[in-house]
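Okay, structure first, notes after.
The values are calculated or read from the model by the stated rules, or taken from the named source; none is laboratory data. Remember, it's a predicted structure, so these values are computed and weren't measured experimentally. Heads up, the Cβs are rebuilt from the backbone with ideal geometry, glycines too, and the neighbour counts pull from every protein chain shown.
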Amino acid sequence: MAHLISTAFRFTGTFLAGAMLSACISLTPDQVYPLGSTLSADPSLVANLDAPLESTIRTAKSGEIILKQSVQNTSVMILENTVTPVGDVSLAVQARSVELTEGLAFYPAISFGKENALVACSFDRPAVWTPRLNPGASGQGKVCFELEKIAGKIDFSQVGQGLGGRSSSVFFFVSDRLGFAEPSGPYEKLFRWDPQLTYEVSEPARFRTMTPTESAKSRTPNIALRFISTEAGGQIKPVYLAGDQPVGVQADPIVIGADQDFPIKIRYDGADIEILALKEGVLAYRVLSGFTTGATYILDLPESATPMDAASP
């Protein structure tokens, strides 16, 4: 389940990841969450306050989305130099190798565990491992470079800022959706099953940043607000959209009573919604502004998910 972390809400999906075979598997692995930020809201969703009121009113039935906004990685980090591990990275039960070549792309993330850290994790799977007792069952995995230790409360207004010109001398292995043909998307949680193991590289890995670009092929996900009708009135709930499929988020809903005096204004994470009426399970509303642009979130967003029933909370 997800939990509110600082001022950011974390989105949860339905995938579980298995552990890499390791000589030091932990029963409670460190978890690595990508950092994402919101893009600007679609202008067509925001009411034109200079237009006649009637032309700006929208309606929603139970289960329908009243606002959605794209989210992407806070940045893309490009490895500027080829580096090699210092010494053998294999384990007693598993042979491992990794190619960390110039041009490899990474995304910023937070590693949560005994120690928290800002890290850069690979989009691709440059690591290869082969179980010594079953050489035919080789697999591939991601790696993360440690950029900065984080002590105390994480400040999401600052974390992940100024990533250009960063360097790192240590990396570690992470596992993702093992058993799937494709690597995890860059919005999904990763697992670090051997958190005490880090590996040095021949020279510091240097990174430059580039601005992420939204692409139809990238299946950029959305965060959204969803209306749910209840016996007492209704609720506005945050959800994550994998395509058009809503995935619930553990966060307190905004409750709207059918007997309230309308209009009322509600705010959720910077998004302002004017509620004009709620009658017979239908919400009349206007979107005044979208989610705060550029707000940083802890993400766990699978790129596909089991659909929720339209009427379910």
Among residues of segment 283-300, those that are at pLDDT 95 or above and aliphatic (A, V, I, L, M), counted | 4
Those strands (runs of 3 or more DSSP E) lying entirely in segment 1-108 with at least 3 residues buried (at least 18 other Cβ atoms within 10 Å of the Cβ), at pLDDT 90 or above and of a type outside the set (A, V, I, L, M) | 30-38
Just a yes or no: is a residue in segment 71-87 over 30 Å from Glu146 (Cβ atoms), out of contact with any helix residue (DSSP H, G or I) (no Cβ under 7 Å at 6 or more places or on another chain) and of a type in the set (D, E, K, R)?
-> no
Test for Ser157: is it of a type in the set (Ser, Thr, Tyr) and modelled with pLDDT under 80 | yes
In segment 178-220, the residues that are modelled with pLDDT under 70 and loosely packed, with under 13 Cβ neighbours inside 10 Å = Gly179, Phe180, Ala181, Glu182, Thr213, Glu214, Ser215, Ala216, Lys217, Arg219
